């Protein structure tokens, strides 16, 4: 019983004034225009029920100024005249008959006599217009307006409106145009989805790489309640915005330019100034894609941030992503004494494909030309240290092209690996690169200068006997001569003795 009392009280406020058949004056017009003004209220701001007067005066007119009309709501008009008069014939009051009709299900209503969808009409959103006969047979017509479909933004559909013709104004005149004000409350506002990503994100990058980014933003269902919807993107000074790469799309299709774009060297701002046009994408996701180049503005840094901010009159959401690069520290030392650091050694960097690292205006590139004048040369300083930064994680090698003074040129590449922490790990991560000292030549023998002989002192002069020293082979020859002489002497003696014996 309480439910019906409440329902009747609501109808008394919501439905315009009407007159029963016995009291009403027949309309002279053949048709009546019904103008429905669909008003939507943010969650929690739905006003109390207001009396419909059938015109554009009073509190409803004020609501239209303060709140907005809702488009894309489908209303159906039903002729319920026969049902109404049947209930009246059974003794029900006009109010009871209206309540009973408004409680009918959609299936019980039958077929609508007209259907309209709210849209902008004469500069006003949420408007639907019906032109319907004022009479059904010889009786005043009775119409029911049913909300058949509405955007997801509304919390629940409005109640059915039952209008019994004719309707009079305050002066007692029949209205040929009747204004109705169905109302809806929006669902609770939800923070829109907002994400920033690196498209196809790699673990790391090299100075000079072009890096693709994307911002995905969900357009709120209640976007038409917004007055401000701005996306700002700001990056590290080492990330340079590529203005020509920016695209704003929905499901892969570019959207119209319903925004103002402002660009800078390291970011951009998109201001959706046409909120009404943006409303066409309510509940959908927009993608903002663009590129940035990683440049070597800070050779000591290897982590770079890119921040996106959604700034509205309802919320502020910030998302940040980072991209990384890597490096390595080295020190040139003596092979046998690693405490001795060596200056002036020069190296080139080679990747796993055998390509050489070369310098560009923005960063690095790789080339197979070992004579390219842009090749990067690393030189050990006074304390033997040198480093490379701004390379993607991976395996590389150093090739020595000039040895320190006094050392042999190394012909063996020095392998090294760049990881997330290889550049910032500290002294324990410094790679020693050694050189062998060039061997010193033997010292030459310096001839001794003979001393000058002293002058002879006065006194007796001794006879100097020159001694003749045999030369090589001379002693052997002399012995043969002596032997020969002896043999001759022996022969001579024997011959002389024989001769003497014969003479005797």
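The values are calculated or read from the model by the stated rules, or taken from the named source; none is laboratory data. All figures in this text were calculated on a predicted structure; none of them were measured in a lab. Quick reminder, even Gly has a Cβ in these numbers, built from the backbone with ideal geometry, and neighbours come from all protein chains shown.
Observations on the structure shown:
- Every residue from segment 68-81 that is at pLDDT below 95 and either in contact with a helix residue (DSSP H, G or I) (Cβ under 9 Å, 6 or more places away or on another chain) or not in a loop (DSSP other than H, G, I, E, B) (or both): 68, 69, 70, 71
- Against the numbered list (1) out of contact with any strand residue (DSSP E or B) (no Cβ under 9 Å at 6 or more places or on another chain); (2) closer than 30 Å to residue 230 by Cα; (3) loosely packed, with under 13 Cβ neighbours inside 10 Å, residue 171 comes up short only at (2).
- Total residues in segment 116-135 satisfying the condition of being without any contact (Cβ under 8 Å) to a residue 40 or more places away in the chain and buried (at least 18 other Cβ atoms within 10 Å of the Cβ): the figure is 0.
- Segment 228-253, residues that are surrounded by 13 or more Cβ atoms within 10 Å (Cβ to Cβ) and outside any strand (DSSP E or B): 236, 238
- Residue in segment 297-331 that is modelled with the lowest pLDDT, counting only those that are surrounded by 21 or more Cβ atoms within 10 Å (Cβ to Cβ) and closer than 18 Å to residue 209 by Cβ: 302
- Which listed residue is more than 28 Å from residue 201 (Cβ to Cβ), surrounded by 13 or more Cβ atoms within 10 Å (Cβ to Cβ) and at pLDDT below 95, from 385, 422, 410, 380: 410
- Residues located in segment 188-222, provided they are surrounded by 16 or more Cβ atoms within 10 Å (Cβ to Cβ), touching a strand residue (DSSP E or B) at 6+ places or on another chain (Cβ under 7 Å) and assigned to a loop (DSSP other than H, G, I, E, B): 192, 204, 205, 206, 207, 208, 209, 219, 222
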